[in-house]
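*Asks:* If you scroll down you'll find the structure; I have some questions about it.
None of the figures in this text is laboratory data; all of them are computed from the coordinates on show. Only a predicted model underlies this, so the values are computations on that prediction, with no experimental measurement involved. We place every Cβ from the backbone using ideal geometry, glycine too, and count neighbours over all the protein chains shown.
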């Protein structure tokens, strides 16, 4: 009986109250889309890494990886002779840059084709003699070949460091057949050719191991580790994936948190729309109750209906989320490979888990949003439902209690943080959540008090505001949801602005040389290729060069953390310091660095590893862990686990000789930098180098920064969009609910234009109130982000900075959006005629 | 070896395109020993093949096989600056048939011939007998420490292998019981009627053998007689030849017989040849018309479904030989774990004449139960 009623009633309501339902669905859809898009990207980032690991090392139970970029090939026979090993194969790997393509990188793998490595040839592998003897023979994925328009036999050029290598497509190798998420940029060539062409004789990067049946993986790991010594680590594929996850966790957690704010705002929207719908239908529920329906049945009816709307929202949110993810995957993927040196996301895959997540948050969010109004409606007795409604008064009397709660909650949180929370990494998020819950709690009283103080002198803005105070339950929710969205907008804008400004100041200290030369392959996954001696000689012999700063950099390990280790030659540029130190450095840090084998440690690493000046930093070197005294901690804004720097000579002693990764040239005062850059480019015409002036490098660093936060801006926008929908919804509700009031106004002589003005005024007022509250929340949120969350997750010190122009622009946008959102409800209100005044109302 | 290596290995060996760059077996090859016991770069394929019957002090009987193959991939090493630069692969096969326990074990290795993993020594005139380089060596199979080695001991060969996963190892030393003989005039062994396919081929048909053999942790001092074949060539099989039946027989009257029969895809014998070695070491070469081999029983491998002959009647009228060749054990099939499609039967046999034992031998059967030709 109830089921039939449910279907008939729902259809009827959809026909008559379409816009309300539409907004509910839209709110849910946007919330679902925001959360889902981030989850799709997050999951696929890990899946891309895992996919490539599986495609290359699919059969391997263990992999041997270096603590330094490469390790000696002599370890391979040692692996082979370890009992319990069924098969093992060496891999030489490098990220090489495709010449003539700014973003083109190839993950080149040198393999021994005569080991049991599983290579998914597409068609015939071709002439094996050619693979071994034809210089540059390489097998590409069909996808890449198609993208580039290459066929077997075509040649192309790649670079690693300053070395250019010509490769020829010898065969196709379909890694997607092994794993659909494998990077299409995997390419395979003979290991001897790879080592020889790229100047890497004696070095390999990985040994994959298949274990004998019944061998215990953990025991084998220990045995191999003991057998192979301290230069390498033996890891399972799961450990490799976990490491990638760990690397990305902070980045992903922050994006997830931001997307959840959108959902939070969406839940508010559902709350107000449900409430509005229920208010309109109170007589219907009263009638149902008087006909014998139980409270539970009424509650179930409402929740099912909202759940269904949530389902519809989710159905809309799923493709929308996928679309948003698809539109942003390139930029996020670029960030991941820029900052975290991981595989690019080649394609997005929707897993069952993601579908389920979309449905759960859609339906769940809608149900949560509708819970309070539904409970309220079910609790009322028949008489109350059928008589004039007193809902707003209820909230009015609750306002003070909510406000008290809104004061007590952050105070309690602050005390908790002071006593315990600050030692816990995730405490910042708890505080942020408390802040976002506090705003809605404070809103009703603030709105009521503000509106109460308004004296209505005419049919203008004062009248609009007064009306808002009366309809507190609806108004305060709309204002609160806008306030939450504005908090996020302003908080994050302030944080990003501060960060950008800090970074710009930091760049001023760190990027001091006039010209920077780095290989094109450096832009990829931090390739260990370097500048060849002839390149260095040409660059440094330019007559305008006064001093040269050589940098050798690679990824190494301190404990389980992968860090960037730089070897620098600091004594050539007198009076200049590339490292902006935090207070507390040793008196002569450069002296300590040079003479006492000291290291400078980036702030990120210092905070994460809990080390400071006076401590030593243990670093894995080819002969085992060596400890380096920390001479200073410097401001560092790298992602991941951070960085450390040492004198180039110390680095050579500890790690053996290696190529210079990049170089910085200090020119004689008064030199035309742009001209020198051009001359160097002319002197090294074919070298795959990025020769940049100081200015260009600074610009590029900031461009990468902006790219990193592009997705954040999108989430801000989505959250704001939901909040604006909330305003529109709330005004629509008012337009409906106040039909009699509006009709009365009309009958008393008010013109339609005036009613229109009243409604726009209401929208604007809510915009102003949301903006005011949200600004306070935003400043507090920015504080949390800058001082608590960023420090805990990334270890960055950010100096607060306010870009007033930008803030004003955003404020205007918010108000403009509020006005826009009120236009349609205002039009509806304008159309109200005096005839709508019913006898009951009189 | 999976798809990659199977494909590459087969192509490496059979790729006719590059055959022109390789040396071909010629009838007037200038032999020089001991130099020619070592590898012959420039020929595409070369093998050192030892088979034999051993007996432990407690009477337990074993058949064994030990082979090193040189698989030429490139006629000359490319000029690359890498320790992985290789022109050859080294492949090792070793098997033991525990004849009293009906247990056959097979072990194998395949590596690039590079200093890290294995390779072939080069004979040096200046080196003293004691410091002669190894003829061939390789790392033991993955999971087993140590190396497989083949060395010249001044008169015969020493070789050893170990495979812990198969719980198998042996270390054997051989001395010739009869002098070296050529298979074919001047060691030129035709494999086709036209002579386009041929190898350079010599044998030690009786090598007194002693050493140690371990199986499942138990070690025996063993002794017995072995047969050694050495062949090098660039092309032996013609395109329509699928495989071969090869016999090395040691008769109790101190004669030895080597026979091979190359089969076409339809099972018809395409080419056959043989050698009889007389007690004084002199040889008689046999063409296909001088002997008949008739299969009298078959055995189907439960693992590969290959159907192999398992009993033969051999007649060589000129030598008044009418022999029954009976396998000592049915399942002496070598199944490669590294090259999925590679399997062949290599096993100990006994010889009967008028139902009386008259000798022993080894038989190799390739190209059964597979549509593709053997990798080697």
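*Asks:* I'd like to know how the stretch B:2-365 sits against the 2.2 N^0.38 Å rule of thumb: what's its Cα Rg over that expected value?
*Replies:* For the stretch B:2-365, the normalised Cα radius of gyration is 0.94.
*Asks:* How far apart, in nm, are the 7 Å Cα→Cβ label points at residue B:252 and residue A:400?
*Replies:* 12.2 nm
*Asks:* Let me have the relative contact order for chain A, percent, based on Cα pairs under 8 Å that are six or more residues apart.
*Replies:* Numbers: 1590 pairs, mean separation 151.0, N = 842.
Reported relative contact order: 18 percent.
*Asks:* Using the Kirkwood radius built from alpha carbon pairs, what does the Stokes-Einstein equation give as D for the stretch A:512-694 at 4 °C and 1.567 mPa s, in µm² per second?
*Replies:* 76 µm²/s
*Asks:* With every atom except the alpha carbons ignored, what do you get for Rg and Dmax of the stretch A:571-663, in angstroms?
*Replies:* When restricted to Cα atoms, the stretch A:571-663 yields Rg and Dmax of 12.8, 36 Å.
*Asks:* So, in nm, how far is label residue B:320 from label residue B:284 when the simple model puts each one 7 Å beyond its Cα toward the Cβ?
*Replies:* Taking the simple label geometry, residue B:320 and residue B:284 are separated by 1.1 nm.
*Asks:* I would also like to ask the following. Any chance you could give the angle, 0 to 90 degrees and rounded to 10, that helix A:217-228 forms with the longest Cα principal axis of chain A?
*Replies:* The angle comes out near 40 degrees.
*Asks:* Need the full-extension length gain, residue A:827 to residue A:134, defined as separation in residues times 0.36 nm minus the C-alpha distance. One decimal, nm.
*Replies:* Contour length minus Cα-Cα distance gives 241.9 nm.
*Asks:* Which one of B:131, B:310, B:210 has the biggest mean-square fluctuation once chain B is modelled by GNM with Cα springs under 10 Å?
*Replies:* Evaluated over chain B, the most mobile residue of the options is B:131.
*Asks:* Rounded to whole Å, give me the distance from the Cα center of the stretch A:404-432 to that of the stretch B:178-221.
*Replies:* 85 Å
*Asks:* Ranked by Cβ crowding within 10 angstrom, fewest neighbours first, how are A:766, A:536 ordered?
*Replies:* Lowest to highest Cβ neighbour count: A:536, A:766.
*Asks:* Grab the beta carbon distance between residue A:748 and residue A:245, set R0 = 51 Å, and tell me the FRET efficiency rounded to 0.05.
*Replies:* Taking R0 as 51 Å, the efficiency between residue A:748 and residue A:245 is 0.15.
*Asks:* Another question, then. Efficiency by 1/(1 + (r/R0)^6): what FRET value for residue A:802 and residue A:505, r their Cβ-Cβ distance, R0 = 22 Å, to the nearest 0.05?
*Replies:* 0.90
*Asks:* Zone of residue A:625 (label point 7 Å along Cα→Cβ, backbone N under 20 Å): which residues in the stretch A:542-569?
*Replies:* A:555-566
*Asks:* A follow-up question, please. Between residue A:596 and residue A:227, what length comes free when the chain is fully extended (0.36 nm per residue of separation minus the Cα-Cα distance, one decimal in nm)?
*Replies:* Between residue A:596 and residue A:227, full extension yields an extra 129.6 nm.
*Asks:* In the P(r) worked out for the protein assembly as shown, what percent of Cα pairs fall beyond 58 Å?
*Replies:* 38 percent
*Asks:* Test of understanding: ordering B:32, B:155, A:521, A:196 by Cβ neighbours within 10 Å, fewest first, what list do you get?
*Replies:* Taking fewest neighbouring Cβ atoms as first place, the list is B:32, B:155, A:196, A:521.
*Asks:* Here's something else I'd like to know. Residues of the stretch A:466-498 with amide nitrogen under 12 Å from the 7 Å Cα-to-Cβ point of residue A:741?
*Replies:* A:466-475
*Asks:* For the stretch B:216-258, what is the convex hull volume of its Cα atoms per residue in Å³?
*Replies:* Hull volume normalised by residue count: 180 Å³.
*Asks:* Still on this structure: Relative to the compact-globule scaling 2.2 N^0.38 Å, provide the ratio for the alpha-carbon radius of gyration of the stretch B:100-175.
*Replies:* Relative to the 2.2 N^0.38 Å estimate, the stretch B:100-175 comes out at 1.24.
*Asks:* Here is a further query. Over the Cα atoms of the stretch B:223-303, what Rg and Dmax result, in angstrom?
*Replies:* That works out to 14.8, 43 Å for Rg and Dmax.
*Asks:* If you build the convex hull over the alpha carbons only and average its shadow over all orientations, what do you get for the stretch A:62-235? Give it in nm² to one decimal.
*Replies:* Average projection, Cα convex hull of the stretch A:62-235: 10.4 nm².
*Asks:* Among A:30, A:419, which comes first, second and so on when ranked by fewest other beta-carbon atoms within 10 Å? Spell out each step's value before the answer.
*Replies:* Working: A:30 27, A:419 9.
Ordered from fewest to most neighbouring Cβ atoms within 10 Å, A:30, A:419 come out as A:419, A:30.
*Asks:* So what's the angle, to the nearest 10 degrees on a 0 to 90 scale, between helix A:694-708 and the longest Cα principal axis of chain A?
*Replies:* Helix A:694-708 sits roughly 50 degrees off the main axis of chain A.
*Asks:* Once both labels are modelled 7 Å past Cα along the beta-carbon direction, what's the residue A:696-residue B:193 spacing in nm?
*Replies:* About 7.4 nm separates the two model spin labels.
*Asks:* Hey, how many Å between the Cα centroid of the stretch B:46-112 and the Cα centroid of the stretch A:246-323?
*Replies:* 72 Å
*Asks:* Continuing with this model, one more query. For a distance above 21 Å, tell me the whole-number percent of Cα pairs in the stretch B:148-300 that qualify. Don't skip to the end; give the middle numbers.
*Replies:* Values: 6381 of 11628 pairs.
For the stretch B:148-300, the fraction of Cα-Cα distances above 21 Å is 55 percent.
*Asks:* Further question on the same structure: R0 = 51 Å: FRET efficiency of residue B:76 with residue A:682, Cβ-based, nearest 0.05?
*Replies:* So the FRET efficiency works out to roughly 0.80.
*Asks:* Follow-up. Counting only helical runs of four or more DSSP H residues, what would the 222 nm mean residue ellipticity of the protein assembly as shown come to if each run contributes -39,500 (n - 2.57) and the total is spread over all its residues?
*Replies:* The per-residue figure over the protein assembly as shown is -14000 deg cm²/dmol.
*Asks:* Tell me the angle of helix A:752-783 to the major Cα principal axis of chain A, expressed in degrees between 0 and 90 and rounded to the nearest ten.
*Replies:* Around 40 degrees separate the two axes.
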